[in-house]
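K.L.:
Handing you this structure, nothing more for now.
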């Protein structure tokens, strides 16, 4: 073999013929929070990238819950967005994510897509009774836990289930009585709904106020705990109101834990429960007596 000669030339490739690329990765899929992160890396586009968008929706009812998330640029050059099921009607199951670049000329170009699954949160929630002899006689102000301990007890169930810690009704009651004015003070017979917010915050948890039966169902369907103050019902007789904790959702029903009477524990219609919601002012300080407690 012998070399004879050579030359050189320049090959120009029209930018129109170079496709944009990007790698989509799903990470930190958290069924308890109903969230996941979308990370876009290996980004390239000959027409530039002014912004990265991730239109996302659940496959339950087509694109009726689509949200265009704008991903934020990270130090390593990738882009990331946090997707919350709460932005998508708390839907579970398959989620579809598409990737678009906003180019230098302002136009959008589709790059790719992927899917992921959002599952219901799974908790092991303990049952506590406010009438448990270990603490029923513990007095806070003028009343004991046997009489007015429904909120601290339901909070203890929810907090223990969510955090995996053992949080007893007395622990919650101690916090509420010694750190707030929401429990057995200022004429209160029991705890106001403001106390639920305060206790949740103390344990690093988040609350959502639920103003409709549909909102309650959505929160339960994603796996959250819902605390509910009810009035006259199978759980309470007028003028007494009572706090319950609900968890799980199936065919319009939820599992109820009654801290005063374990015989009432079981599955009930969410519509029935919302229909007997408490109208007492102390149970509605936040606008509704039904409140999600979640991570």
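The values are calculated or read from the model by the stated rules, or taken from the named source; none is laboratory data. A quick note: this is a predicted structure, and the numbers were derived from the prediction, not measured. No Cβ is skipped: glycine too gets one built from the backbone with ideal geometry, and neighbour counts run over all protein chains shown.
K.L.:
For segment 159-176, state whether one or more residues are surrounded by fewer than 19 Cβ atoms within 10 Å (Cβ to Cβ), in a helix (DSSP H, G or I) and at pLDDT below 95.
P.N.:
Taking every residue of segment 159-176 in turn, at least one turns out to be surrounded by fewer than 19 Cβ atoms within 10 Å (Cβ to Cβ), in a helix (DSSP H, G or I) and at pLDDT below 95.
K.L.:
Looking at (1) closer than 27 Å to residue 175 by Cβ; (2) modelled with pLDDT under 95, find the lone condition where residue 251 falls short.
P.N.:
Answer for residue 251: the failing condition is (1).
K.L.:
Restricting the search to segment 225-259, which residues are touching a residue at least 40 places away in the same chain (Cβ under 8 Å), touching a strand residue (DSSP E or B) at 6+ places or on another chain (Cβ under 6 Å) and within 23 Å of residue 163 (Cβ to Cβ)?
P.N.:
225, 226, 227, 228, 229, 243, 244, 245, 247, 257
K.L.:
Going by the conditions given, is residue 155 touching a residue at least 12 places away in the same chain (Cβ under 8 Å) and buried (at least 16 other Cβ atoms within 10 Å of the Cβ)?
P.N.:
So residue 155 fits the description; yes.
Residues are listed down the side, and each one gets a yes or a no for (1) assigned by the TED database to the domain that holds residue 290; (2) touching a helix residue (DSSP H, G or I) at 6+ places or on another chain (Cβ under 8 Å); (3) over 29 Å from residue 272 (Cβ atoms):
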| position | (1), (2), (3) |
| --- | --- |
| 153 | yes, yes, no |
| 160 | yes, no, no |
| 201 | yes, no, yes |
| 210 | yes, yes, no |
| 214 | yes, no, no |
| 226 | yes, yes, no |
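K.L.:
What is the residue count in segment 249-274 for residues that are surrounded by fewer than 18 Cβ atoms within 10 Å (Cβ to Cβ), touching a helix residue (DSSP H, G or I) at 6+ places or on another chain (Cβ under 8 Å) and either not assigned by the TED database to the domain that holds residue 155 or not in a loop (DSSP other than H, G, I, E, B) (or both)?
P.N.:
1
K.L.:
Based on this model, can you work out whether residue 48 counts as surrounded by fewer than 19 Cβ atoms within 10 Å (Cβ to Cβ), without any contact (Cβ under 8 Å) to a residue 12 or more places away in the chain and not in a helix (DSSP H, G or I)?
P.N.:
When the stated conditions are applied, residue 48 does not pass them.
K.L.:
Name the residue that is surrounded by the fewest Cβ atoms within 10 Å (Cβ to Cβ), counting only residues in segment 51-89 that are closer than 20 Å to residue 214 by Cα and modelled with pLDDT of 95 or more. It would help to see each step written out before you state the result.
P.N.:
Of all residues in segment 51-89, those closer than 20 Å to residue 214 by Cα come to 57-66, 84-89.
Checking which are modelled with pLDDT of 95 or more leaves us with 57, 66.
On the way: 57: 20, 66: 14.
The selected residue is 66.
K.L.:
I would also like to ask the following. Only one of these is modelled with pLDDT under 95 and on the phi > 0 side of the Ramachandran plot: 204, 187. Name it. Lay out the reasoning, then the answer.
P.N.:
Working: 204 fails: modelled with pLDDT under 95.
Answer to the check: 187.
K.L.:
As an exercise: evaluate residue 141 against (1) farther than 30 Å from residue 181 by Cβ; (2) out of contact with any strand residue (DSSP E or B) (no Cβ under 6 Å at 6 or more places or on another chain); (3) surrounded by 13 or more Cβ atoms within 10 Å (Cβ to Cβ); (4) in contact (Cβ under 8 Å) with a residue 40 or more places away in the chain and give the number of the one condition it does not meet.
P.N.:
With (1) farther than 30 Å from residue 181 by Cβ; (2) out of contact with any strand residue (DSSP E or B) (no Cβ under 6 Å at 6 or more places or on another chain); (3) surrounded by 13 or more Cβ atoms within 10 Å (Cβ to Cβ); (4) in contact (Cβ under 8 Å) with a residue 40 or more places away in the chain applied to residue 141, the lone miss is (1).
K.L.:
Can you tell me which residue in segment 21-38 is surrounded by the most Cβ atoms within 10 Å (Cβ to Cβ), limited to those that are closer than 14 Å to residue 81 by Cβ and under 21 Å from the mean Cα position of the chain (by Cα)?
P.N.:
If we take residues in segment 21-38 being closer than 14 Å to residue 81 by Cβ and under 21 Å from the mean Cα position of the chain (by Cα), then 38 is surrounded by the most Cβ atoms within 10 Å (Cβ to Cβ).
K.L.:
If you don't mind, another one. Say whether the condition of being assigned to a loop (DSSP other than H, G, I, E, B), touching a strand residue (DSSP E or B) at 6+ places or on another chain (Cβ under 6 Å) and farther than 30 Å from residue 90 by Cα is met by at least one residue in segment 178-199.
P.N.:
Of segment 178-199, the ones assigned to a loop (DSSP other than H, G, I, E, B) are 180-182, 184-190, 192.
The next check asks that each one be touching a strand residue (DSSP E or B) at 6+ places or on another chain (Cβ under 6 Å); those that pass are 182, 184.
With farther than 30 Å from residue 90 by Cα added as a condition, the list becomes 182, 184.
Looking for residues that are assigned to a loop (DSSP other than H, G, I, E, B), touching a strand residue (DSSP E or B) at 6+ places or on another chain (Cβ under 6 Å) and farther than 30 Å from residue 90 by Cα, one finds at least one in segment 178-199, hence yes.
K.L.:
Only one of 242, 224 is farther than 26 Å from residue 131 by Cβ and buried (at least 21 other Cβ atoms within 10 Å of the Cβ); which?
P.N.:
224
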